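The values are calculated or read from the model by the stated rules, or taken from the named source; none is laboratory data. Quantities reported herein were computed from a predicted structural model and do not represent experimental measurements. Here Cβ is always computed from backbone atoms with ideal geometry, including for glycine, and neighbour counts include all displayed protein chains. These area figures cover heavy atoms from the full protein model, side chains too; ligands, DNA and RNA do not enter into them. Shrake-Rupley method; radii C 1.70, N 1.55, O 1.52, S 1.80 Å.
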Amino acid sequence: MNMSISFDDDIKDRCIKLVTCECAPNIALIKYWGKSDEDLILPLNSSISITLDCDILKSTTSLALVKRANNSEPQIRIWFDDKIDEFDSNTSDLTVKKVLSRKRFIRILKMVRENFHHEDYLIRIKSLNSFPTACGLASSASGYAALAHCIAHAFDFKGDISELARLGSGSACRSCFGGFVKWNASNQSSLSIAKQLKPSNYWPELNIVVLVLNDHRKENSSTDGMKLTVESSELIKHRVKLVEETRIKVIEDALNDKNFEKFGEIIMRDSNNFHAVCMDTYPPIFYLNESSKEIIQLVHIFNQTGVKVAYSFDAGPNVFLFTLDDYLSQFVSLLKQIYFSYVSSDDFIEQKFISKAKNMVLINTTPIEKYEKFKTDENNRIKYILHSKVGHDPRISLENYH
Ligand code: PMV
């Protein structure tokens, strides 16, 4: 299977190496928020995530090492969707951010080039997302993880790839693996790396359902948000202690025992705690909107007899839901009754419930009465529903030409 994104013909003839990597975004179950080192992107607390399925959401990045044809060519050229940036690795113009942070890119490059002795070469990178960046799903995690893999393979880097990805965007280190992943907090860069806790096939009954809400608000960057939190929140100190001393162990135990009630509860508590910390930031940061809060209430009503569905929210209003196969169709059917009463069941599956959901049967067993308050005439509050199983490790292809 040829995964690579095509480059111009004049590059093809001069190509020394071509690496392509596909990575999926990850969703933090115990969240990272706050750095102890801004440059090295070292987190205040450890975090744990699930990697999504590459077939549902992915970033694909191709990197070509190319022989130089003439001295006027820029050393680095990066295309990201329809944007482009070009610069040399000794550029002093580090604040420019056309495609990605030049400063972070050059830091990653420096780390891999120490032991790379090759003739003069150029770097050409193309990156595409299978999902609209504007829909507020964490594309920086999958994007930087794919980039880190490409750079590591192109430069024969023998160190830890998740450390490279982390230098691009903290949460990207967790997208370097499929399954369930832990990013360890340490004040030493080489120890602040990600490790897989469980592979993608460990808990096959687990589902992730993403509700992309219609929201036109511009996202506040997580980099700025967490910096402000560290500078101004009192609660963050308590959160770091709580996560390190209790939460990481609780979720690891729940995962080992496949205890969904315990697993779901700690995920929801951690998401709520993270958003409480955002509100304790001064001035406060609000990532949830009214629809997000409504889904939280809905889940708690659904869970009155025990935790069957869990929610989690990152630095945005979109909802990440976790549930086992037994409750998936019941909960999605409930969402359909409340939010999609204006579309037929067939259209709902075709248009809204993308991908694997085609195998799913929608059943109408949920009594709607107790959810009456959520019913609305307002259409399109949810823009897309994505369904994913736990995703596998990144896919890589490498071609050497000379
Ligand atoms: O790595 P960043 O800068 O995109 O920050 C991610 C922050 C959260 O998504 C809110 C939490 C997490 O651990 O992914």
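Would you say L335 is out of contact with any helix residue (DSSP H, G or I) (no Cβ under 8 Å at 6 or more places or on another chain), more than 27 Å from A146 (Cα to Cα) and at pLDDT 85 or above?
yes
Looking at the structure I just gave you, is K262 more than 16 Å from the ligand (Cβ to nearest atom), at pLDDT 95 or above, within 24 Å of E205 (Cβ to Cβ) and buried (at least 16 other Cβ atoms within 10 Å of the Cβ)?
It is true that K262 is more than 16 Å from the ligand (Cβ to nearest atom), at pLDDT 95 or above, within 24 Å of E205 (Cβ to Cβ) and buried (at least 16 other Cβ atoms within 10 Å of the Cβ).
Wholly within region 1-100, which strands (runs of 3 or more DSSP E) include no fewer than the required count, namely at least 2 residues that are surrounded by 23 or more Cβ atoms within 10 Å (Cβ to Cβ) and away from the ligand (no atom under 16 Å from the Cβ)?
Qualifying strands (runs of 3 or more DSSP E): 15-23, 59-67.
Here is a check on your reading of the model: is I248 modelled with pLDDT of 95 or more, within 30 Å of L324 (Cα to Cα), among the aliphatic types (A, V, I, L, M) and within 16 Å of the ligand (Cβ to nearest atom)?
The answer is yes for I248.
Just to be sure before I move on: is L137 outside any strand (DSSP E or B) and open to solvent by 20 Å² or more (accessible area, probe 1.4 Å) in the structure I sent?
no
Name the residues in region 287-307 that are among the aromatic types (F, W, Y) and either out of contact with any Cys (no Cβ under 9 Å at 6 or more places or on another chain) or more than 19 Å from Y32 (Cβ to Cβ) (or both), would you?
Hit for region 287-307 is F302, nothing else.
Answer yes or no: is there a residue in region 195-215 that is of a type outside the set (A, V, I, L, M, F, W, C) and within 14 Å of the ligand (Cβ to nearest atom).
no
When region 150-182 is examined, which residues are found to be open to solvent by 10 Å² or more (accessible area, probe 1.4 Å) and away from the ligand (no atom under 15 Å from the Cβ)?
H153, D156, F157, K158, G159, D160, I161
Consider region 193-241. How many of its residues are closer than 26 Å to L255 by Cβ and either in contact with a helix residue (DSSP H, G or I) (Cβ under 6 Å, 6 or more places away or on another chain) or surrounded by fewer than 17 Cβ atoms within 10 Å (Cβ to Cβ) (or both)?
Residues flagged as closer than 26 Å to L255 by Cβ and either in contact with a helix residue (DSSP H, G or I) (Cβ under 6 Å, 6 or more places away or on another chain) or surrounded by fewer than 17 Cβ atoms within 10 Å (Cβ to Cβ) (or both) within region 193-241 amount to 13.
Taking the stated definitions as given, is L100 touching a strand residue (DSSP E or B) at 6+ places or on another chain (Cβ under 9 Å) and at pLDDT 90 or above?
Considered against the rule, which asks whether it is touching a strand residue (DSSP E or B) at 6+ places or on another chain (Cβ under 9 Å) and at pLDDT 90 or above, L100 comes out as no.
Taking the stated definitions as given, is A194 without any contact (Cβ under 8 Å) to a residue 40 or more places away in the chain and over 17 Å from D53 (Cα atoms)?
yes
Please work out which one of (1) under 30 Å from W203 (Cβ atoms); (2) within 14 Å of the ligand (Cβ to nearest atom); (3) touching a Gly at 6+ places or on another chain (Cβ under 6 Å) is the condition R104 fails and give its number.
Looking at each condition in turn, R104 falls short on (1).
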